Amino acid sequence: MGETVLRLRDVHKSYGRHEVLRGIDLDVAEGEVVCLLGPSGSGKSTLLRTINHLEPLDRGAVFLRDELIGYRESGGRLVELGDRELARQRARFGMVFQGFNLFPHMTVLENVVEAPLRVRRESPAVARTRAVDLLTSVGLADRADAYPRHLSGGQQQRVAIARALAMSPAVLLFDEPTSALDPELVGEVLDVMRHLAAGGMTMVVVTHEITFARDVADRAVFLDHGTIIEQGPAADVLERPRERRTREFLTHVR
Amino acid sequence: MTTETRPPAAPPRVDTSRRTRAPLHLGWWLAAAVIGLTLLNIGSVVVRSPNLDWSVVWEYFLSTDVLAGLARTVELTAIAMACGIVGGVILAVMRLSPVPVVSWAAKSYVWFFRGTPLLVHILFWYNLAALVPAIAVEIPFGPTLFEVDTNDLITPLLAAVIALGLNEAAYMAEVVRGGLLSVDPGQTEAAKALGMTHRQTLRRVVVPQALRVVIPPTGNQVISMLKASALVSVTSTPELLYSVQVIYNNNFKTIPLLVVASAWYLIVTSVLYVVQHHLERRFSRGTGRG
Ligand SMILES: Nc1ncnc2c1ncn2[C@@H]1O[C@H](COP(=O)(O)OP(=O)(O)OP(=O)(O)O)[C@@H](O)[C@H]1O
Ligand SMILES: [Mg+2]
């Protein structure tokens with residue numbers, strides 16, 4: 001495992017008076033796969049969304065390599081970055097959503113080349129070639145000209161992964177990527193993710209798939225009420241949890 | 001209970017490709033008869049009535065005055081609609097603003113214009129000089145830089161455009177807002193997460209999807225606007241209706257000239273329907289209706 005890519009320090013987030021994240025510290029190393037687990041409402045999605053600044057923080061900081069995400073220091077305080085800077089930083093993270101969120105008015109190929117063309121201003125030929133490669137790697141090269149609604153959920157999620165990969169992200173964030181899928185389609189998406197993990201992609205994955213977490217993750221992190229209550233090597237934590245709340249959660253999910 | 005095993009149903013010994021539909025209910029035949037008779041009656045009145053002189057209709061259908069009025073109506077509709085769309089987009093964006101004063105202002109605007117008759121607005125702008133005789137640009141407590149007579153600045157045509165445009169903006173604001181809200185917030189998130197700026201997200205992701213929702217009601221608004229522009233005839237603006245009014249006030253061929261105007265309104269709305277249909281097809285990409 002390489003050096004630290006992603007660092008979260010004392011991350012706090014409230015909605016109104018509801019404190020959703022209460023001081024999260026988390027380091028993710030290059031090529032590491034971290035699974036975030038925890039009961040519904042524990043703050044997993046919120047944590048993921050603070051990482052690429054889809055949600056601003058109330059306190060604490062997120063660093064990608066050594067770059068502060070979402071803010072710059074000015075006169076002893078943090079000032080939120082402007083739209084352009086935020087966009088530039090977000091492009092360095094890939095994000096895969098529970099509901100896929102493919103662009104319905106674009107074909108599969110257009111979905112994948114959109115960000116490389118508009119954000120990175122790649123030439124169409126280069127973007128296209130790479131998109132076709134990525135679609136091939138997720139097994140969907142033959143559906144390049146289809147519209148998302150004509151694909152199964154599993155296929156849509158694989159396109160969404162290809163779309164995120166097209167920006168060559170430093171870290172890939174997954175928010176319950178298989179929760180909206182019919183059971184028989186979960187496997188094909190998890191296979192793609194396994195493949196990515198084996199290829200050295202740095203990933204933070206919110207999931208309820210315990211088997212996947214045990215087999216693929218380097219580390220499992222348990223969240224409850226906005227704090228990390230237990231973490232460690234995935235096999236250890238999932239097989240022999242020390243905390244009562246972790247044990248309870250695991251018996252519920254299984 | 002006895003369970004008998006029956007032999008599987010044999011296919012009927014007929015040519016199964018020969019079939020007729022179930023007979024229609026008697027009520028439909030009656031309805032068709034009533035409609036047919038009514039149309040025949042109207043037709044005979046229209047064709048035979050001495051007051052509906054078709055030669056007069058043909059005489060004026062392509063006359064210069066009528067065509068000029070038609071052009072003015074189309075122009076008025078286009079300009080007022082353009083103002084309405086621009087105003088509507090601005091109001092819709094204001095309405096969704098996080099700043100309460102801004103969104104309140106947009107809301108109040110819509111409330112006011114939807115709650116007062118268009119005809120009143122047309123008369124108001126036409127008679128603006130009665131409220132503000134002159135319009136001036138001046139430095140407060142200082143010299144006047146520029147001053148014009150309101151009646152010179154606000155011509156009847158401009159008054160009509162202002163009244164129709166301001167009114168339309170209120171309706172278009174609701175149409176546009178509905179379109180923007182119809183786009184799943186997940187779309188914006190996905191676009192942002194890919195590194196798109198606010199502008200790119202709007203242009204490439206939100207607007208194309210909102211348009212699909214916005215186009216059908218906008219088409220209806222254009223058609224309403226075309227017809228509402230006839231209200232402007234009260235201010236002697238020579239649009240289509242006023243043009244035929246001028247003619248029939250001279251020759252008293254009221255009905256034939258109203259037929260002329262109606263025929264033109266129908267022709268233009270029919271063209272608009274076709275345009276709307278094509279736009280809808282174009283923007284329904286990826287929704288399975290395209
Ligand atoms: N935009 C928001 N406004 C107000 N409250 C929110 C918002 N987003 C999340 N919350 C609240 O924050 C808490 C944590 O939400 P979050 O989505 O992070 O949980 P989660 O662990 O991802 O749960 P789940 O497993 O159900 O997805 C919940 O109580 C939720 O109701
Ligand atoms: Mg969640």
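The values are calculated or read from the model by the stated rules, or taken from the named source; none is laboratory data. Please read these numbers as outputs of a predicted model, since none were measured by experiment. For neighbour counting, all protein chains shown are included, and Cβ atoms are generated from backbone atoms with ideal geometry for every residue, glycine included.
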B:Val161, sole failed condition from (1) closer than 28 Å to B:Ala230 by Cα; (2) in a helix (DSSP H, G or I); (3) without any contact (Cβ under 8 Å) to a residue 24 or more places away in the chain: (3)
Subset of the range A:66-82 (residues that are surrounded by 15 or more Cβ atoms within 10 Å (Cβ to Cβ) and within 14 Å of chain B (Cβ to nearest Cβ)): A:Ile69, A:Gly70, A:Leu81
Selection within the range A:200-239 - touching a Phe, Trp or Tyr at 6+ places or on another chain (Cβ under 6 Å) and among the polar types (S, T, N, Q): none
Residues within the range A:12-28 that are under 18 Å from the mean Cα position of the chain (by Cα) and surrounded by 16 or more Cβ atoms within 10 Å (Cβ to Cβ), tallied: 4
Within the range A:192-217, tally of residues that are within 15 Å of ligand 1 (Cβ to nearest atom) and not in a loop (DSSP other than H, G, I, E, B): 5
Per-region count, the range B:236-290, residues assigned to a helix (DSSP H, G or I), within 14 Å of chain A (Cβ to nearest Cβ) and buried (at least 16 other Cβ atoms within 10 Å of the Cβ): 2
Some residue of the range A:12-26 being within 16 Å of ligand 2 (Cβ to nearest atom), on the phi < 0 side of the Ramachandran plot and within 14 Å of chain B (Cβ to nearest Cβ): no
Lone qualifier among A:His150, A:His195 - being closer than 25 Å to A:Thr4 by Cα and away from ligand 2 (no atom under 16 Å from the Cβ): A:His195
Any hit, the range A:115-123, residues being at the interface with chain B (Cβ under 8 Å from one of its Cβ atoms) and in contact with a Phe, Trp or Tyr (Cβ under 9 Å, 6 or more places away or on another chain): no
Search result, residues across the range A:39-55 that are in a loop (DSSP other than H, G, I, E, B) and either away from ligand 2 (no atom under 16 Å from the Cβ) or within 14 Å of chain B (Cβ to nearest Cβ) (or both): A:Asn52, A:His53, A:Leu54, A:Glu55
Flag if A:His105 is on the phi > 0 side of the Ramachandran plot and within 14 Å of chain B (Cβ to nearest Cβ): no
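So that you can scan it fast, the table gives a plain yes or no per residue for (1) within 16 Å of ligand 2 (Cβ to nearest atom); (2) modelled with pLDDT of 95 or more:
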position: A:Cys35; (1), (2): yes, yes
position: A:Leu57; (1), (2): no, yes
position: A:Val62; (1), (2): no, yes
position: A:Ser74; (1), (2): no, no
position: A:Leu81; (1), (2): no, yes
position: A:Gly94; (1), (2): no, yes
Within the range B:57-137, helices (runs of 4 or more DSSP H) holding 2 or more residues that are surrounded by 19 or more Cβ atoms within 10 Å (Cβ to Cβ) and within 24 Å of the chain's Cα centre (by Cα): B:64-95, B:100-114, B:118-126
So A:Gly60, is it part of a strand (DSSP E or B), within 16 Å of ligand 1 (Cβ to nearest atom) and touching a strand residue (DSSP E or B) at 6+ places or on another chain (Cβ under 6 Å): yes
Residue match in the range A:201-212 (condition: closer than 21 Å to A:Pro169 by Cβ and surrounded by fewer than 21 Cβ atoms within 10 Å (Cβ to Cβ)): yes
Residue in the range A:63-78 that is in contact (Cβ under 8 Å) with a residue 60 or more places away in the chain and closer than 23 Å to A:Arg219 by Cβ present: yes
Of residues in the range B:171-201 being more than 16 Å from A:Arg90 (Cβ to Cβ) and of a type in the set (A, V, I, L, M, F, W, C), the one farthest from the other protein chains (Cβ to nearest Cβ): B:Ala173
Top-ranked residue of the range A:154-200 - restricted to ones that are more than 17 Å from A:Thr211 (Cα to Cα) and of a type in the set (Lys, Arg), ranked as nearest to the other protein chains (Cβ to nearest Cβ): A:Arg163
Where A:Glu230 falls short, out of the listed (1) within 16 Å of ligand 1 (Cβ to nearest atom); (2) assigned to a helix (DSSP H, G or I); (3) touching a Lys or Arg at 6+ places or on another chain (Cβ under 7 Å); (4) of a type outside the set (Ser, Thr, Tyr): (2)
Hits in the range B:164-192 - residues which are hydrophobic (A, V, I, L, M, F, W, C), under 30 Å from A:Arg84 (Cβ atoms) and part of a helix (DSSP H, G or I): B:Ala173, B:Val176, B:Leu180, B:Leu181, B:Ala190, B:Ala191
Residue within the range A:84-96 that is more than 9 Å from chain B (Cβ to nearest Cβ) and farther than 18 Å from A:Pro169 by Cβ present: no
Selection count where residues are under 20 Å from the mean Cα position of the chain (by Cα), away from ligand 1 (no atom under 16 Å from the Cβ) and not in a loop (DSSP other than H, G, I, E, B), scope the range A:93-130: 8
Pick from the range A:63-88, criterion among the hydrophobic types (A, V, I, L, M, F, W, C) and assigned to a loop (DSSP other than H, G, I, E, B), ranking: nearest to ligand 1 (Cβ to nearest atom): A:Ile69
Matching residues, the range A:155-191, being in a loop (DSSP other than H, G, I, E, B) and without any contact (Cβ under 8 Å) to a residue 12 or more places away in the chain: A:Ser168
The lone exception for B:Pro208 - which of (1) within 21 Å of B:Ile85 (Cα to Cα); (2) surrounded by fewer than 20 Cβ atoms within 10 Å (Cβ to Cβ); (3) more than 14 Å from chain A (Cβ to nearest Cβ); (4) not aliphatic (A, V, I, L, M) it fails: (3)
